[in-house]
Structures are given as C-alpha cells and as structure tokens.
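Taking it in order: structure first as structure tokens, then the write-up.
The values are calculated or read from the model by the stated rules, or taken from the named source; none is laboratory data. Source: prediction; values computed, not measured. Counting neighbours? That spans all protein chains shown, and the Cβs are built from the backbone with ideal geometry, glycine included.
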Amino acid sequence: MIWFVLALLLLIVLITVVVLRGENLAHLDRDGFPKQDYVPSAGHHQVLQTIRDMSRSARGLRGRARIRALRKHMDRLSEGRDFASEFRPSGANAPKGEWVLAPGVNTRRRLLYIHGGAWMAGSPLSHRTITDRLSQVANAAVFAVDYRLLPEHRYRDGLRDCQEAYQWILEHGPDGPEPAEFVVVAGDSAGGSHALVLIAWIRDHGLRQADAAIALSPSTDLTLTAPSNRLNVKTDPLLGPSFGNLMRVPLPVLWWLSFFGMRLSPSSPQASPLRGNLENLPPVLIHASDSEMLLDNARRYANKAKDSGSPVELKTWPGMVHVWHMFPDFLPEADEAFEHIGDFLQRIEPG
C-alpha cells in the first residue's frame with residue numbers, strides 16, 4: 001500500500017512540474033525595449049479613484065455575486081463619456097458583438113477587438129473608450145466580440161467565439177458581406193491573451209493571417225512564474241488588490257486550481273500564448289506599464305517572439321495602471337498610446 005501511495009505522489013509531482021508548470025522561461029527576462037520617461041500626469045489620481053470605486057462595488061461579496069457586481073461596474077465605465085463613433089449591434093446570423101464605426105472609416109479595413117476582464121467580466125460596452133479610439137486611429141471598422149465568459153461557460157468556448165468572429169469579419173463588414181482588405185486583431189489583458197492565442201491559431205489552420213496584432217497589458221503566461229507577478233503587487237493598483245493575495249499561495253496549488261477551473265493546463269499555449277510556437281506571426285505591438293504585475297508577461301512574450309524571428313515591438317510606460325488605455329479622457333498617456341498604435345499600423349501597412 002505504501003508503495004502505491006508513494007508512486008501516486010511521485011506521479012502528482014511529475015504532472016505538476018512537467019505538465020502544469022512547463023519550461024523554465026527565466027532566460028527571457030531581458031529588457032532592451034523602448035520606454036517612456038516621465039512622471040504620471042495629474043489625471044492618474046482620478047483613475048485611481050475610479051479603480052477604488054470598482055473595488056468597493058464588490059467588497060464583501062463572494063462567488064457569482066462578486067462577479068455580477070464587477071461586471072456591472074465595468075459596464076458603467078462607459079457612462080457619461082463622449083464618443084466619436086457609432087455603436088451598432090452585429091445583427092442576426094453574426095457572432096455576438098458590436099461594430100464600432102468612427103466617422104468616415106473605411107469599412108474594408110477591420111479590427112477584431114477582444115476585451116479584458118480576467119475572462120470573467122468585461123464586454124463590448126465596458127471597453128468602448130478603447131474601441132472608439134481604435135476605430136479612429138486605425139481608420140477601421142472595429143468589431144468588439146462579446147465572447148462567452150467564465151464561469152458560466154468553458155474557457156475554450158470564449159476562444160471559439162473569437163475564432164469564429166475573426167473568420168466572419170474576413171468576409172463581412174458592418175453593412176453586409178464584403179471582403180476585408182486589411183485586418184487587425186487586438187485585445188487587452190485577458191483579451192490580449194486571447195488575441196495572441198488567436199494569431200497562432202490562424203497560422204496553424206492556414207487561414208488568411210491578420211496584418212497585425214495589438215496586445216495591451218496582455219496576460220501571456222498563466223503559470224505565474226514571471227518575476228513581476230510578485231514584485232509589482234504593491235505598485236499595481238488594479239491587479240494588486242484583486243490578485244495579490246493569490247501570489248502568497250504556493251505556485252503548484254495555483255497551477256492545479258487553474259487546471260480544474262479552466263479545464264486545461266496553465267502551461268498550455270491555449271491559456272499561455274508565451275508557451276506556444278511564436279514563429280511566423282504577423283507584426284505584434286505590445287504596450288505595458290512598468291508598475292503592473294503583467295509587465296514580465298509582456299517582456300517575455302516580446303523576447304521569445306523576437307528570438308523566433310517574428311516582428312514584435314514592446315513599449316512600456318512608467319507608473320501607469322493596468323490597461324490605462326481605458327481612460328483617454330483623464331490621461332494624456334492614453335492619448336499618446338493610441339497615437340503610437342496609429343503610427344505602428346501606418347508603418348506596417350504595405351506600400
């Protein structure tokens with residue numbers, strides 16, 4: 001009997017280390033990418049108050065009640081904002097989502113946007129401050145996909161929704177069937193992870209590849225082994241209070257919780273795009289803050305993509321909150337980030 005128990009324990013250890021953790025990627029902790037160099041603007045204080053309000057909205061709640069409160073608060077982030085774009089439901093026989101159309105955009109240019117929210121919250125409504133600006137700087141019709149979320153649905157269901165939305169916008173615009181001439185995939189945080197998983201899936205399935213991808217403060221590795229996941233807990237006002245306590249839990253425990261919650265290994269490339277094949281990808285632009293927990297997720301992905309021969313750019317901003325792009329009316333740094341995205345898209349376009 002004791003030999004059986006010992007064998008079972010050994011098997012669990014092997015699965016934990018080899019399957020759930022995966023390869024040690026510490027060699028990717030290199031930093032040679034452009035950075036902004038200034039003190040955050042005064043509007044940063046207003047953003048921090050907004051974040052505190054969001055934390056209070058879910059205080060004392062647990063489980064589904066907490067998720068519902070966070071979803072409600074995130075959707076209210078769009079209230080009272082001034083938008084230049086028209087927001088149009090996708091309509092019947094189309095993937096669930098909405099079109100975002102800045103005045104005069106070329107609807108043959110399309111951008112698929114995948115919102116963040118830890119795969120449990122967020123929606124096209126909550127992220128209109130981003131999709132509105134992206135439609136303007138990309139001169140494109142933005143399709144914000146309303147993918148299925150945890151825990152009501154499986155993680156893979158959300159991925160499938162993104163895959164179907166991408167294939168659909170290749171041949172459909174906001175006014176009906178029309179082939180796309182220029183396509184971008186973009187997302188933030190958890191949605192940035194989905195975007196990076198998606199471009200690898202497109203390559204592997206021989207589909208028409210996106211012309212570019214944009215990932216804003218992306219999650220790239222659910223094994224949580226990157227140094228900034230712990231070092232930046234106190235400097236990340238958004239993710240720190242929500243996920244900082246998790247960093248006190250032993251990593252093997254977190255890996256098993258992730259496995260059971262998402263029904264796949266945290267080292268799977270479907271959950272951690274950093275751990276997949278990063279060869280032959282389209283040009284990728286990544287933005288991150290030097291004070292956020294996911295900084296090294298971005299840095300490691302950029303280094304591995306670069307080592308794999310794929311074109312990638314990473315730019316970091318000092319002291320910004322996670323996905324500061326959500327607050328262009330408060331932060332000139334958000335305006336600057338969108339200008340940088342526009343410049344990137346102009347540089348990678350053919351001709």
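Restricting attention to region 132-160, the residues that are hydroxyl-bearing (Ser, Thr, Tyr) and surrounded by 24 or more Cβ atoms within 10 Å (Cβ to Cβ) total 2.
Checking each residue in region 96-120 for being closer than 17 Å to ALA210 by Cβ, charged (D, E, K, R) and surrounded by 22 or more Cβ atoms within 10 Å (Cβ to Cβ) picks out only ARG110.
Look through LEU224, LEU198, LEU207 and report the one residue that is crowded, with 21+ Cβ neighbours inside 10 Å, out of contact with any strand residue (DSSP E or B) (no Cβ under 9 Å at 6 or more places or on another chain) and either farther than 11 Å from LEU112 by Cα or not aromatic (Phe, Trp, Tyr) (or both). Quick ask: steps written out before the conclusion?
Details: LEU198 fails: out of contact with any strand residue (DSSP E or B) (no Cβ under 9 Å at 6 or more places or on another chain); LEU207 fails: crowded, with 21+ Cβ neighbours inside 10 Å.
The conditions single out LEU224.
Taking region 245-286 as the range and being part of a helix (DSSP H, G or I), modelled with pLDDT under 95, in contact with a helix residue (DSSP H, G or I) (Cβ under 6 Å, 6 or more places away or on another chain) and not hydrophobic (A, V, I, L, M, F, W, C) as the test, only PRO252 passes. Being under 15 Å from the mean Cα position of the chain (by Cα) and either free of Cβ contacts under 8 Å to residues at least 24 places away in the same chain or assigned to a helix (DSSP H, G or I) (or both), is that true of even one residue in region 176-190? Checked against the condition, which is being under 15 Å from the mean Cα position of the chain (by Cα) and either free of Cβ contacts under 8 Å to residues at least 24 places away in the same chain or assigned to a helix (DSSP H, G or I) (or both), region 176-190 yields at least one hit. Here TRP3 passes the criteria (1) at pLDDT 70 or above; (2) exposed (fewer than 10 other Cβ atoms within 10 Å of the Cβ); (3) not in a loop (DSSP other than H, G, I, E, B) except the one numbered (1). From the list SER268, SER308, which one is closer than 15 Å to LEU196 by Cα, surrounded by fewer than 17 Cβ atoms within 10 Å (Cβ to Cβ) and hydroxyl-bearing (Ser, Thr, Tyr)? That would be SER308, the only listed residue that is closer than 15 Å to LEU196 by Cα, surrounded by fewer than 17 Cβ atoms within 10 Å (Cβ to Cβ) and hydroxyl-bearing (Ser, Thr, Tyr).
For every residue, the table says whether it meets (1) among the aliphatic types (A, V, I, L, M); (2) touching a Phe, Trp or Tyr at 6+ places or on another chain (Cβ under 6 Å); (3) farther than 20 Å from SER123 by Cα.
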residue	(1), (2), (3)
TYR38	no, no, yes
ASP53	no, no, no
ILE67	yes, no, no
HIS73	no, no, no
GLU79	no, no, no
SER85	no, no, no
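Number of residues in region 49-85 that are polar (S, T, N, Q) and over 22 Å from the mean Cα position of the chain (by Cα): the value is 3. The set of residues from region 333-351 being within 17 Å of LYS35 (Cβ to Cβ) and out of contact with any strand residue (DSSP E or B) (no Cβ under 9 Å at 6 or more places or on another chain) comprises ALA334, GLU339, ASP343.
Would you call LEU112 under 17 Å from the mean Cα position of the chain (by Cα) and closer than 30 Å to GLU349 by Cα? Answer is yes for this residue. Among the residues of region 86-98, those that are of a type outside the set (A, V, I, L, M) and over 19 Å from the mean Cα position of the chain (by Cα) comprise GLU86, PHE87, ARG88, PRO89, SER90, GLY91, ASN93, PRO95. Out of GLU339, GLU292, one residue alone is charged (D, E, K, R), farther than 18 Å from ALA210 by Cα, surrounded by fewer than 17 Cβ atoms within 10 Å (Cβ to Cβ) and at pLDDT 95 or above. It is GLU339. Within the bounds of region 37-45, is there any residue that is modelled with pLDDT under 95 and of a type in the set (D, E, K, R)? Among the residues of region 37-45, at least one is modelled with pLDDT under 95 and of a type in the set (D, E, K, R), which makes the answer yes. Taking (1) in a loop (DSSP other than H, G, I, E, B); (2) buried (at least 23 other Cβ atoms within 10 Å of the Cβ) in turn, TYR166 satisfies each apart from (1).
Only one of the numbered conditions (1) under 18 Å from SER267 (Cα atoms); (2) aliphatic (A, V, I, L, M); (3) under 8 Å from the mean Cα position of the chain (by Cα) is violated by LEU224, and that is (3). All conditions in (1) in contact with a strand residue (DSSP E or B) (Cβ under 7 Å, 6 or more places away or on another chain); (2) under 29 Å from GLU152 (Cβ atoms); (3) surrounded by fewer than 23 Cβ atoms within 10 Å (Cβ to Cβ) hold for PRO283, with the sole exception of (2). Only a single item in (1) buried (at least 24 other Cβ atoms within 10 Å of the Cβ); (2) of a type in the set (Val, Ile, Thr); (3) over 23 Å from CYS162 (Cβ atoms) is not met by VAL233, and it is number (1).
Any residue that is part of a helix (DSSP H, G or I), of a type outside the set (A, V, I, L, M, F, W, C) and modelled with pLDDT of 95 or more - is there at least one of those in region 225-240? Looking through region 225-240, at least one residue is part of a helix (DSSP H, G or I), of a type outside the set (A, V, I, L, M, F, W, C) and modelled with pLDDT of 95 or more. If you go through region 299-351 and keep only what is assigned to a loop (DSSP other than H, G, I, E, B) and not hydrophobic (A, V, I, L, M, F, W, C), you end up with SER308, GLY309, SER310, PRO311, PRO318, GLY319, HIS322, PRO328, ASP329, GLU349, PRO350, GLY351.
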